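The values are calculated or read from the model by the stated rules, or taken from the named source; none is laboratory data. From a predicted model like this one, the values you see are computed outputs, not experimental measurements. Neighbour counts run over all protein chains shown; Cβ positions are idealised from the backbone, glycine included.
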Amino acid sequence: MATPFEQLDFVYMPSRDVAADVRYFTDVLGAELVFAIDAMGTRVAMVKLTESPPRLLLADHVEGDQLILVYRVPALDAALADLEKRGWTEARSLELPMGPASSFTTPGGQRIALYASTRPGVVEGFAGRRDF
């Protein structure tokens with residue numbers, strides 16, 4: 001049975017000190033800093049370790065210590081309806097810069113989000129921004 005998932009585009013990683021984590025990822029691991037944004041009391045930085053996704057987002061507003069795997073789907077409502085038919089329940093709706101999303105935690109504690117890319121190019125629009 002096919003799944004509604006297209007691709008793992010992003011991994012949100014909780015960070016207690018985004019600037020320090022960015023330095024480690026870039027200086028020690030050799031990642032490329034895509035952007036570092038400090039806005040509305042939140043710091044988020046995107047780094048890339050490989051040419052292909054997923055991109056890593058270091059974020060101080062992500063609660064807990066678990067990563068969030070962010071998968072792109074063709075249509076969010078259709079993807080959620082498909083998963084509901086399989087017995088999936090409980091999600092939190094939210095807006096990502098790239099489009100509408102739904103985030104949930106699996107019974108095993110893994111965190112997953114689905115999003116529809118309704119605002120293509122937004123990540124590219126942030127590229128090069130360095131607030132910190």
Matching residues in region 21-70 - criterion: being modelled with pLDDT under 95, out of contact with any strand residue (DSSP E or B) (no Cβ under 7 Å at 6 or more places or on another chain) and surrounded by 13 or more Cβ atoms within 10 Å (Cβ to Cβ): none
Residue list for region 94-109, filter: surrounded by fewer than 14 Cβ atoms within 10 Å (Cβ to Cβ) and closer than 16 Å to Phe5 by Cα: Thr106
Among the candidates Ala79, Ala91, residue that is more than 15 Å from the chain's Cα centre (by Cα), buried (at least 17 other Cβ atoms within 10 Å of the Cβ) and without any contact (Cβ under 8 Å) to a residue 24 or more places away in the chain: Ala91
Of all residues in region 110-131, which are within 17 Å of the chain's Cα centre (by Cα) and assigned to a loop (DSSP other than H, G, I, E, B)? Gln110, Ser117, Thr118, Arg119, Pro120, Gly121, Ala127
